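Student: Submitted below is the structure of interest, expressed as structure tokens.
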Amino acid sequence: MDLLIKNGKVVTAKESFIADIAVKDGKIVAIGSELSMDADKIVDATGKLVLPGALDVHTHLAMPFGGTVSADSYLSGTRAAACGGVTTIFDYPVQRKGQTILGLCGEKKEVLEKEACVDYAFHCCITDLNEGQILEEMEEAVNKGITSFKCFLVYKKEGMMTDDGTLARLMLRAKELGAMVNVHAENPDLIDLNNEKFLSEGKTSAWYHYMSRPEFVAAEADKRVVHWAKNLDAPVYIVHMSDKEGLEEVIKAKEAGYEVYVETCPQYLEFTCDVYKREDGRNFICSPPMKGQESMDALWTALKAGYIDTVATDHCPFQSYEKDWGKDDYTKVPNGCAGIENLYPYMLDAANSGKITFERAVEVCSTNPAKIFGCSNKGSLAIGKDADIVIYDPEKDFTISVNNMHSDYDHTIWEGKKVHGYPLQTYLRGKLVYDNGEYVGTPGDGKYVHRVPAK
Ligand code: URP
Ligand code: ZN
Ligand code: ZN
């Protein structure tokens, strides 16, 4: 054996039990009590939890956006992921007019082959159908393991918005191919209307970022997406859900049997729109913005009740000087915040404090994302799966600070957040890549995850 992890409490989405795990050639080959076999490396996990690595299915690494490029490269972003117990990331390359899916993702892959510290996959954002060529190409993309595509219903001025006709075409084509369309749902025209009004009135502080995109701006688009999913009978995945009204529409659709999946992010579970009243409010500017207490409460209720399918980060950090571009005009702040290294510790802390169970934390951060997005070797501690394993100390106290993260950004919205319990080690397909505060892997360890249609 290459690795034997002994006496830990193994957590799956369904149950927790004390067991040993044996790993050979990057795969889990045995799980049982008191396994007696020779191994090159034996790890005593007594008193620790042994968890499947998380899949952060929403990242924007090295993304040109907001007049700059997001602050984490593929190397620093995936290094931070490894140090937070994330063993697979899904990035969102943005296709522009004239670009092909495979051309774009191929370029990103070339960089990731050298830089990735964890495994990776792509959801490709489609902004232009290239006279139908993209709909054709989707089949080849699916055959090459890219089984999900994204539509932004916003970012009209940035040239990234998908109109309803394009969204519908993409949803129908994805359904045909057993693929999925992911949607960022906010209403762009309402946002433009609000921005014009606030700027003309001199209302330019970070608070007006929230006021320009309040609950009903997201809810309208969430409802539109659910409407399409129902009437086209096509699956859809709504990213970064933040508002109660939209969430309620998703829950109704789920209860009626429609294939509507929903993701939320730690920032919507932790912060309300009050952060935009702070002096450093611009650092919290992301889209959609954090919402009111009622929305936060609804997200937690839905998370506990099993209606939220996944929690992912929307990791898209920018440096302080870039956030400062919008000191006097919130519309000039590049949208996005950090989170890749905080996802699993945050959700596991919620489990440690009894808000959710550890099984549920594993389900939304690992098992469900793997299932929904067709990563058949990921998402669970089971024989035959990749040995993507996190050893977690439920008693370790940790205070998040930019100084103890492994990214390239210079500030974090999570500064000062205390969590009880923290990952001690991360194994990527059996290789130790994070050990007690240190990244110990080698960039390039990460491999492309060839996905298969989930259905
Ligand atoms: O503010 C955000 N979320 N920036 C990244 C792009 C997006 O909308 O997901
Ligand atoms: Zn988005
Ligand atoms: Zn995003």
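Rule-based calculations on the coordinates, nothing more; no lab input. Source: prediction; values computed, not measured. Don't worry about glycine lacking a Cβ; one is built from the backbone with ideal geometry, like all the others, and counts go over all protein chains shown.
Student: Amide H of Val154: which non-local residues (sequence gap of 5 or more, or other chain) have their own amide H closer than 5 Å, using H built in the peptide plane?
Tutor: The answer is Thr162, Glu186.
Student: Sticking with this one: Could you give me the ³J(HN,Hα) list for the range 264-279, computed from phi with Karplus coefficients 6.51, -1.76, 1.60 and θ = phi - 60°, whole Hz, x at Gly and Pro?
Tutor: 10, 10, x, 5, 7, 8, 9, 10, 9, 4, 4, 4, 6, 8, 6, 3
Student: Moving to a separate point now. What ³J(HN,Hα) values, in whole Hz, does the Karplus curve 6.51 cos²θ - 1.76 cosθ + 1.60 give for the range 316-326 when θ = phi - 60°, with x put for Gly and Pro?
Tutor: 7, x, 10, 6, 4, 5, 6, 4, 5, 4, x
Student: Still on this model: May I ask what percent, to the nearest 5, of DSSP beta bridges between residues of the chain are antiparallel?
Tutor: If I count the DSSP bridges inside the chain, around 50 percent turn out antiparallel.
Student: For Val69, put the label point 7 Å out on the Cα→Cβ axis and report which residues of the range 319-334 keep their amide N under 15 Å from it.
Tutor: From the range 319-334, the list is 319.
Student: Using alpha-carbon positions, what is the distance between the centroids of the range 99-143 and the range 318-370, in Å?
Tutor: With the range 99-143 and the range 318-370 each reduced to a Cα centre, they are spaced 25 Å.
Student: Another question, if that's okay. Would you mind computing, in nm to one decimal, how far apart the modelled labels at Glu140 and Ser401 are, each placed 7 Å from Cα along Cα→Cβ?
Tutor: 5.2
Student: Explain nothing, just the number: relative contact order of the range 316-385, from Cα pairs under 8 Å at least 6 residues apart, as a whole percent. Walk me through the numbers before you get to the answer.
Tutor: Details: 45 pairs, mean separation 11.8, N = 70.
Relative CO of the range 316-385 lands at 17 percent.
Student: What is the local net charge at Met296, summed over the other residues whose Cβ is closer than 15 Å to its Cβ (Lys, Arg +1; Asp, Glu -1)?
Tutor: -4
Student: Is the range 127-258 best put as rounded, prolate or oblate by its Cα gyration tensor, with a ≥ b ≥ c the root eigenvalues, rounded for a/c under 1.5, and otherwise prolate when a/b is larger than b/c, oblate when not?
Tutor: oblate
Student: Let's test the formula: R0 of 51 Å, r as the Cβ-Cβ distance of Asn231 and Asp44. What FRET efficiency results, to the nearest 0.05?
Tutor: For Asn231 and Asp44, the calculated efficiency is 0.35.
Student: Here's another thing I want to ask about it. For n ≥ 4 DSSP H runs only, could you compute -39500 (n - 2.57) per run for the chain, divide by its residues and tell me the 222 nm figure to the nearest 500?
Tutor: The helix-only estimate for the chain comes to -9000 deg cm²/dmol at 222 nm.
Student: Could you pull out every residue, at least 5 positions away or on a different chain, whose amide H is within less than 5 Å of the one on Ile413? Hs are placed 1.01 Å off N in the peptide plane, and Pro or chain starts have none.
Tutor: Ala338
Student: What are the ³J(HN,Hα) couplings of the range 110-123, residue after residue, when phi is run through the Karplus curve with 6.51, -1.76, 1.60 and θ = phi - 60°? Round to Hz, x for glycine and proline.
Tutor: Whole-Hz 3J(HN,Hα) from phi for the range 110-123: 4, 6, 5, 4, 8, 9, 5, 9, 9, 5, 8, 9, 10, 9.
Student: Where in the range 179-281 are there trypsin sites (Lys or Arg not before Pro) that are in a DSSP coil and have at most 13 other Cβ atoms within 10 angstrom of their Cβ?
Tutor: Arg278
Student: With respect to the cross-link table entries Lys244/Lys332; Lys230/Lys252; Lys144/Lys371, which display a Cα-Cα separation exceeding 23 Å?
Tutor: Correct reply: Lys244/Lys332.
Student: What is the set of long-range amide H partners of Ser148 at a cut-off below 5 Å, with H atoms built 1.01 Å from backbone N?
Tutor: Cys124, Met180
Student: While we're here: Would you kindly state how much longer the chain becomes between Glu415 and Ala382 on full extension, computed as 0.36 nm times their sequence separation minus their alpha carbon distance, in nm to one decimal?
Tutor: 8.3 nm
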